[in-house]
Amino acid sequence: MTLAFRPATRADVPAILELLAEDWIGATRTELDGDAMFDALQGTELIVGEMDGKIIATYQISINHLISLSAPCRAILEGVRVASHLRGQKIGEQLVADAEERAKRAGATVMNLTSNSTRVAAHRFYIRLGYKQSHAGFRKALTS
């Protein structure tokens, strides 16, 4: 079995939505309009992992040039998912390595990611890959 990563296309959206819904937190969120989601992601890269013609993993990466004296470039990794029946087979490691390589090619010197505080297994995974818990996150809903 060969695993390949490539930019997602609009035709990949149903498979990506299946991966998101497979997640216990993602399953509690409201139904997503796949076309609207895909259109809104322009300016970021939505990547899929494909094995034997089937999409089995996905992530989103954004490259941000920050305003500061040195104008650093940072990458943000989001929406990391691997099909549940394939977890524990090092696919997640390959997925993160692919994201890191794309970030480096874009000039990023740091990769940031957030993970829901209840995802303890995911935290162990990222720490094992060399990520450090460095910031406290804040959020505010902007609904009226």
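Numbers for the structure displayed
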{"item": "Members of segment 1-37 that are in a helix (DSSP H, G or I), open to solvent by less than 60 Å² (accessible area, probe 1.4 Å), at pLDDT below 75 and within 18 Å of Ile56 (Cα to Cα)", "result": "Gly26, Gly34"}
{"item": "Checklist (1) under 22 Å from Ala136 (Cβ atoms); (2) modelled with pLDDT under 90; (3) over 13 Å from the mean Cα position of the chain (by Cα) applied to Leu69, failing item", "result": "(1)"}
{"item": "Residue that is nearest to Leu17 (Cα to Cα) [pool: residues in segment 65-102 that are among the basic types (Lys, Arg) and open to solvent by 60 Å² or more (accessible area, probe 1.4 Å)]", "result": "Arg87"}
{"item": "Among (1) open to solvent by less than 50 Å² (accessible area, probe 1.4 Å); (2) in contact (Cβ under 8 Å) with a residue 12 or more places away in the chain, the one test that Asn112 misses", "result": "(1)"}
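Yes/no per residue for (1) farther than 19 Å from Leu17 by Cβ; (2) among the basic types (Lys, Arg); (3) surrounded by 12 or more Cβ atoms within 10 Å (Cβ to Cβ):
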site	(1), (2), (3)
Ile47	no, no, yes
Gln60	no, no, yes
Ile63	yes, no, yes
Ala108	yes, no, yes
Ala121	yes, no, no
Phe125	yes, no, yes
Leu142	yes, no, no
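Residue by residue, here is whether (1) in a loop (DSSP other than H, G, I, E, B); (2) within 23 Å of Phe5 (Cα to Cα); (3) over 14 Å from the mean Cα position of the chain (by Cα) holds:
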{"site": "Asn64", "(1), (2), (3)": "no, yes, yes"}
{"site": "Leu77", "(1), (2), (3)": "no, yes, no"}
{"site": "Gly88", "(1), (2), (3)": "yes, yes, yes"}
{"site": "Gln94", "(1), (2), (3)": "no, yes, no"}
{"site": "Arg102", "(1), (2), (3)": "no, yes, no"}
{"site": "Asn112", "(1), (2), (3)": "no, yes, no"}
{"site": "Ser117", "(1), (2), (3)": "yes, no, yes"}
{"site": "Ala121", "(1), (2), (3)": "no, no, yes"}
{"site": "Gln133", "(1), (2), (3)": "yes, no, yes"}
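The values are calculated or read from the model by the stated rules, or taken from the named source; none is laboratory data. Note that the coordinates shown come from a computational prediction; the quantities given were computed from them, not determined experimentally. Neighbour counts run over all protein chains shown; Cβ positions are idealised from the backbone, glycine included. The protein model used for the area step is the full one, side chains on, heavy atoms only, and it has no ligands, DNA or RNA in it. Shrake-Rupley method; radii C 1.70, N 1.55, O 1.52, S 1.80 Å.
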